[in-house]
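The values are calculated or read from the model by the stated rules, or taken from the named source; none is laboratory data. Quantities reported herein were computed from a predicted structural model and do not represent experimental measurements. Heads up, the Cβs are rebuilt from the backbone with ideal geometry, glycines too, and the neighbour counts pull from every protein chain shown.
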Amino acid sequence: MKEKFYMTTAIAYASGKPHIGNTYEAILADCVARFRRGQGYEVFLQTGTDEHGQKIEEKAKAAGKSPKEYVDEVTAEIKRLWDLVGVSYDKFIRTTDTDHEKQVQKIFKKLYEQGDIYKSSYEGWYCTPCESFWTESQLKDGKCPDCGRPVKKAKEEAYFFRMSKYADRLMKYYDDNPDFILPLSRKNEMVNNFLKPGLQDLCVSRSSFKWGIPVEFDDKHVVYVWIDALTNYITGIGYNADGESSERFNKLWPADVHIIGKDIIRFHVIYWPIFLMALGLPLPKKVYGHGWLLQEGGKMSKSKGNVIYADDLVSVFGRDAVRYYVLTAMPQDNDGLISWQSVIDAVNSDLANVFGNLVSRTVAMINKYFGGTVTDKGVTEAVDDDLKKTVTSAYGKVAAKMDEYRIADALAEIFAIFRRANKYIDETCPWILAKDENKKDRLSTVLYNLAESVVTGVSLLQPFMPAAAEKAAEQFGARLREFGDCEKFGNAARYTVTDKPEILFARLDGEQILKRVNDGKAAESAERAETAAAAKKTDSNKESNNMNGKDNGAAENAEKSVKPQIDIEDFEKVQLKIAKVIACEKVEKSKKLLKLTVKIGDEERTVVSGIAQKYSPEYLVGKKLAMITNLKPVKLCGIESQGMIICAENAAGDIAFLSPERDIDDGSEIF
């Protein structure tokens, strides 16, 4: 029976689209999950979204939507991004899930009835983005000490949790479990800044807004964010506060690791353990608080104009290149840096020059000198020993780094194989060996050694770069091997390489990419300015109409959207069919257009659609869409579009393509 490994990410706050710094955590967790699966663990990875709170209530109101409508849209976008970067989660929980909400109410009531929660009132400074109360002394320059944003004075009736009751017990847990918090610097910060000065009781309900889980016995209050959000780690696997928890919960809990950002570590290593103690549950084995992925000018924010999104990066570099960069850019106990230029440099230097070039050279030489198949002829020299040692010792080094959550260092150990193999080529000079017929067996051994090294290296690389690892192994006619076999050299009797090698990572034209990025930023700025001007004009018109008692703009717009009635004969002229997207790419020099290759039964067509701002090419591939198939072809940006994808658009400009509610053959008629 496999040993379990339960791990979680923090649940993403559903207030807006996550940037690459937020997405990094999901990639990191996925990498750990894939590695543990490779080690033979039965892994359960849970991620999800935190969907309640005042900030979301306010954003939904501003967008003219209900809070549930708002979080539904944002959560769909978060799931799309997680899927885009290849996160292999086993459970995606939402705090608006009915079973979660019911258990939160039960947990709150249980803690109240046993005296851990009491009712009082709160007066202090409140930060809406962080959803945190602060005392005067905790503020930094009069602003929130966590995010640096303005705070406002707030006073309201609330329920509180008696934190100090468990402080000594928590400190003992720290002492008995020195590896509970990683890295160590985070632990020192918690002890010195929070535990030693004394824990204050924690506000756990709010009565000034409604978008939250109602307190079951006092409906004026909603459960405040941390009891709602943190308990997802147990409710998501079947915890029941009544004592009848699921078999899955009994198997998986306690968590083996919570992977979170350093900005919320206090909640996970102080509040969360104390909640668990009050519930009589074991504490998680480890909490790893990673650093931030910073852009030019510090933390990413829309106001600074320095935000980078994962889908933009993937559209340029591909999924695995993005995964590689963010996993190597973040040291264990510090912040990482990202920019378009730094990703370009990493792709060119590491992925193209070191990794991709090694695969291409090795495959090409096996094809050229041995017709595609190479074996170990046993003609060895001293130079082989160091290569073999580097290869066979790599797994132990990688595993040790992964145990410490030194992900960047683990990747460096894998790339040490590729760097050593490239050096081995220079040392053995296969092109010189090929000139001497008497050296043919030596040449075969050299090329076999290179193939063996590559296949072992990419087998270890799979958790980090799944698709690239698989493609590289396929070029050698090999499957990715189990980690245990990576400690041996000579796993295969022979290697038969492809006669149609694929370039894994080509060198990039950095200037061209940066120009496209900067042009895009300029276009976005212009579009924002145009939108703001239009909004200002609209507001001005509305004000003028109101002053004249003629607030009829909405009626006029509604009237314009109504088209004249048609006969059934007119409708029957339109041919609608289900089309399957088999390829998709962005149209150069256009921010809005995608070029889709679609399959309609036995026919393939090209369609140009203005949905690039809402959907990435990778997301659309494989999707089945509704399409008008009998429109006259038209050229857009020099590409002939042979039909039209059917989409819906709301007043806010949000777009959704239409697809069948269940799977049906492409080419099927829509009637």
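Just checking, how many residues over the range 90-139 are in a strand (DSSP E or B), out of contact with any Leu (no Cβ under 9 Å at 6 or more places or on another chain) and closer than 17 Å to residue 280 by Cβ?
Selection size over the range 90-139: 0.
Name the single residue, out of those in the range 58-89 being modelled with pLDDT under 95 and assigned to a helix (DSSP H, G or I), that is surrounded by the most Cβ atoms within 10 Å (Cβ to Cβ).
If we take residues in the range 58-89 being modelled with pLDDT under 95 and assigned to a helix (DSSP H, G or I), then 60 is surrounded by the most Cβ atoms within 10 Å (Cβ to Cβ).
Can you give me the ranges of the strands (runs of 3 or more DSSP E) entirely in the range 604-648 with at least 2 residues that are crowded, with 17+ Cβ neighbours inside 10 Å and more than 28 Å from the chain's Cα centre (by Cα)?
The strands (runs of 3 or more DSSP E) meeting that bar are 624-628.
Could you list, in sequence order, the residues of the range 609-637 that are over 25 Å from residue 318 (Cα atoms) and not hydrophobic (A, V, I, L, M, F, W, C)?
Result: 629, 630, 632, 633, 635.
Conditions (1) surrounded by fewer than 24 Cβ atoms within 10 Å (Cβ to Cβ); (2) in a strand (DSSP E or B), marked per residue:
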| residue | (1), (2) |
| --- | --- |
| 17 | yes, no |
| 24 | no, no |
| 29 | no, no |
| 34 | yes, no |
| 37 | yes, no |
| 40 | yes, no |
| 45 | no, yes |
| 48 | no, yes |
| 52 | no, no |
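In the set 201, 219, 175, 228, which member is of a type in the set (D, E, K, R), within 18 Å of residue 276 (Cβ to Cβ) and out of contact with any helix residue (DSSP H, G or I) (no Cβ under 9 Å at 6 or more places or on another chain)?
Selected residue: 175, the only one of 201, 219, 175, 228 that is of a type in the set (D, E, K, R), within 18 Å of residue 276 (Cβ to Cβ) and out of contact with any helix residue (DSSP H, G or I) (no Cβ under 9 Å at 6 or more places or on another chain).
For the range 357-375, state whether one or more residues are aromatic (Phe, Trp, Tyr), assigned to a helix (DSSP H, G or I) and surrounded by fewer than 19 Cβ atoms within 10 Å (Cβ to Cβ).
yes
Test residue 128 against the stated conditions and say whether it is out of contact with any His (no Cβ under 8 Å at 6 or more places or on another chain), among the polar types (S, T, N, Q), over 30 Å from residue 238 (Cβ atoms) and surrounded by 16 or more Cβ atoms within 10 Å (Cβ to Cβ).
yes
For the subset of the range 230-251 comprising residues that are under 18 Å from residue 107 (Cβ atoms) and in contact with a Lys or Arg (Cβ under 8 Å, 6 or more places away or on another chain), which member is surrounded by the most Cβ atoms within 10 Å (Cβ to Cβ)?
236
Identify all residues within the range 334-352 that are touching a residue at least 60 places away in the same chain (Cβ under 8 Å) and surrounded by fewer than 16 Cβ atoms within 10 Å (Cβ to Cβ); write none if there are none.
341, 345
Keeping to the range 492-506, report how many residues are exposed (fewer than 15 other Cβ atoms within 10 Å of the Cβ), more than 30 Å from residue 344 (Cβ to Cβ) and either β-branched (Val, Ile, Thr) or modelled with pLDDT of 95 or more (or both).
Counting residues in the range 492-506 that are exposed (fewer than 15 other Cβ atoms within 10 Å of the Cβ), more than 30 Å from residue 344 (Cβ to Cβ) and either β-branched (Val, Ile, Thr) or modelled with pLDDT of 95 or more (or both) gives 2.
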